[in-house]
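Below is one structure, written out as structure tokens, with a few remarks after it.
Only the coordinates and a few stated rules stand behind these numbers; no lab work does. These numbers come from a predicted model, not from an experiment. Don't worry about glycine lacking a Cβ; one is built from the backbone with ideal geometry, like all the others, and counts go over all protein chains shown.
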Amino acid sequence: MHCDPRHPLIYQRAEDVSQSIYWINSQAPFARKILDQYGSEHTRWREYMFQRHIDILVKQSVYEMERREPQLSAARIDNEVLDRVTRRIYESAAEDTSLGSFLFTENLAGLSRAEQDQQVASIPES
């Protein structure tokens, strides 16, 4: 899937909805700036990717909430999704040593490919 700068930061094609597949747009202006200035191995890029994963989890939570409760208010979304879901994600991230290592290790290039894959796989899904 190729995104261009005009696509949203996280993008979902109609054919991907049933599988809950999202694409992170690495061509978005801010993403490109990070990649051009720091590269994909830098902690700034990993933090950016972590934030986009959080965006995906929040977006999924909003849609799930809408399915259960068609009449949503901004306050319910703020309290139930933005506060509760993001708090849970960040609390899990703070406790997860593998994720912490992935996010805060300055140079993943010194890790073997298997170690890098293990770091990526440790990112919580929800």
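For this structure, a couple of remarks:
- Approximate spin-label separation Asp4-Asp83, in nm, with each point projected 7 Å along Cα-to-Cβ: 4.2
- Using only alpha-carbon positions in the range 10-121, the gyration tensor eigenvalues give semi-axes of 29, 17, 13 Å once each is multiplied by 5 and square-rooted (largest first).
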